[in-house]
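Here's the structure we're looking at; comments come further down.
The values are calculated or read from the model by the stated rules, or taken from the named source; none is laboratory data. Computed from a predicted structure; not experimentally measured. Note that we place each Cβ from the backbone using ideal geometry, even for glycine, and neighbour counts take in every protein chain shown.
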Amino acid sequence: MTLELTPISALTAPPKRTARDWARKHVAIPVLESVGVATLVAAIGTGVTALETHDYLRSHCPNQTCDPRYSSEVSRAKALSVSTDVLIGLGAAAVVTGVILLLVERRHSSRSAHILSSSAEISVQF
């Protein structure tokens, strides 16, 4: 915590902060959130493809026993399933991290107080 005492004669109006100024300073947060959303969209794509491959194999492999000629499709379905799980985890982590950073940064930037008297200003920042 800092405490500053400034004579009124030395005071000038603080510059107005705009949303654009905040965005320029904090470009990493929207980038992180965008990457997270893009990763979740990719997870949807791999998940849909994995389900389609699984349905194809279910219709061609009775009793969950596949002919060796379907081994590449089985491997593909397993790889797509694992990829989907990994992408969901990474995408969700990126989005949640971005939201937490956004909330913490907004709360941090709004934690200051200004007290004016007839002869001085006291500014306290946490």
Counting only residues that are exposed (fewer than 15 other Cβ atoms within 10 Å of the Cβ) and under 30 Å from V99 (Cβ atoms), the range 36-79 contains a total of 7
Helices (runs of 4 or more DSSP H) enclosed by the range 8-126 - at least 1 residues per element that are at pLDDT 90 or above and out of contact with any His (no Cβ under 7 Å at 6 or more places or on another chain): 28-60, 71-109
